[in-house]
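Working notes, structure below.
The values are calculated or read from the model by the stated rules, or taken from the named source; none is laboratory data. Keep in mind it's a predicted model, so treat the numbers as computed, not measured. Reconstructed Cβ throughout: ideal geometry from the backbone, glycine too, with neighbour counts over all protein chains shown. Heavy atoms of the whole protein, side chains included, go into the accessibility calculation; ligands, DNA and RNA do not. Shrake-Rupley method; radii C 1.70, N 1.55, O 1.52, S 1.80 Å.
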Amino acid sequence: MRVNVNLFTVLFVFFLVADFAYILWAYIDSGGQRIEWVGAIGIGLSAILAFFLQFYLRLTQRSIGGPLPEDRVDADIDDGDAEQGHFSPWSWWPFLLGISLALIFLGVAVGIWIALIGAPLVLIAVIGWNYEYYRGNFAR
Amino acid sequence: MTVNRPNTVSVGVIVWLGSEVMFFAGLFAIYFTLRSTSPELWAEQSAKLNVPYAAVITVILVLSSFSCQAGVFAAEKFRPVRTGRLWEFWKWGAVEWFYWTFAMGATFVIGQIYEYANLVSDGVGLSIDSYGSAFYLTTGFHGLHVTGGLIAFLLVIGRMYSVKNFTHREATTSIVVSYYWHFVDVVWLGLFAAIYLVR
């Protein structure tokens, strides 16, 4: 994680410098007529993207209290075997959500009535997925 | 030796919000490019905007971020529902704060729809000119994001009612929805500054 933080910090500085250079260069190139907005905003917000990620990863790194195994040269594979997160082993809801979203996009492409069938299915899938572990046998 | 792993849900949401930054970067780029190519049209059409009105709904949206954060603080103390009377807001749980946030967010969306209705009757339409296209694309996509956040708040409130033991997992859900909400709020501040103040 330390590597990720450093990478995004470097990227932030790079995009910041690149943005200034781009704005100035495009301005001079147009004979002082105009600012090239697409690149100016695109590169500038890339800098914000990198800053945002390094900031959050830095906070996360601080809160976990100590270097992660992947940041240590003397770590073993089993040092990283703590719980990674909760992943449902058999859920069908993501599949239904994928199918319903596919119906919506198909509907936008070929005929809006198909999207109208997809929309309530998306609602069912989102609610089903969200409450999968809050009802029935696996209720928490 | 084991270390706490980073919370995959929070880090994942932040990375996704990073991609959302770039999505809105595209919209901002559309807006400013069209603005630089047709300045007269911009001066004419943006004069029709009701800035004080937009400022009021902006303030409502910003305040909703504060009540959302108050809900997160309650969730982090594992207090999903209020422990006092309804008017004792300092004893509110996450659910009460999120209802309040929902109400303010919904007010913003309704306010935006009313603003659209007024603008359309003043001749600012989605396919009338490039100003209309840029205006409705940027503010419209933002409005859709706010609506998505409102649905997320409903799902989170539902979870808090249905859960038997309120744990870190439920707190995480509240926290990541608040990340999204704050993000959408900050994007609106950028849009408000670009569209209503800079024009």
Are any of the residues in the range A:24-37 outside any helix (DSSP H, G or I) and closer than 22 Å to residue A:59 by Cα?
-> no
How many residues are among the aromatic types (Phe, Trp, Tyr), within 30 Å of residue A:130 (Cα to Cα) and surrounded by fewer than 18 Cβ atoms within 10 Å (Cβ to Cβ) when one looks only at the range B:104-122?
-> 0
All-but-one check, residue B:125 against (1) out of contact with any Lys or Arg (no Cβ under 8 Å at 6 or more places or on another chain); (2) open to solvent by 20 Å² or more (accessible area, probe 1.4 Å); (3) not in a helix (DSSP H, G or I), failing number (2)
Looking at this structure, is residue A:95 over 30 Å from residue B:5 (Cα atoms), open to solvent by 30 Å² or more (accessible area, probe 1.4 Å) and either in contact with a strand residue (DSSP E or B) (Cβ under 8 Å, 6 or more places away or on another chain) or more than 14 Å from chain B (Cβ to nearest Cβ) (or both)?
-> no
Which condition breaks for residue B:7 when tested against (1) within 9 Å of chain A (Cβ to nearest Cβ); (2) touching a residue at least 60 places away in the same chain (Cβ under 8 Å); (3) open to solvent by less than 60 Å² (accessible area, probe 1.4 Å)?
-> (3)
State all residues of the range B:80-102 that are part of a loop (DSSP other than H, G, I, E, B) and either open to solvent by less than 60 Å² (accessible area, probe 1.4 Å) or touching a Phe, Trp or Tyr at 6+ places or on another chain (Cβ under 6 Å) (or both); if no residue qualifies, say none.
-> B:80, B:82, B:84, B:88, B:92, B:93
Taking the range B:64-77 and keeping residues open to solvent by 90 Å² or more (accessible area, probe 1.4 Å) and either in contact with a Cys (Cβ under 7 Å, 6 or more places away or on another chain) or touching a residue at least 12 places away in the same chain (Cβ under 8 Å) (or both) leaves B:76
Mind checking which residues of the range B:142-185 are within 10 Å of another protein chain (Cβ to nearest Cβ), open to solvent by 30 Å² or more (accessible area, probe 1.4 Å), within 15 Å of the chain's Cα centre (by Cα) and not hydroxyl-bearing (Ser, Thr, Tyr)?
-> B:151, B:154
Would you mind stating whether residue A:59 is closer than 22 Å to residue B:13 by Cα, surrounded by 12 or more Cβ atoms within 10 Å (Cβ to Cβ) and out of contact with any helix residue (DSSP H, G or I) (no Cβ under 8 Å at 6 or more places or on another chain)?
-> yes
What is the residue count in the range B:16-43 for residues that are facing another protein chain (nearest Cβ under 7 Å) and more than 24 Å from residue B:132 (Cβ to Cβ)?
-> 3
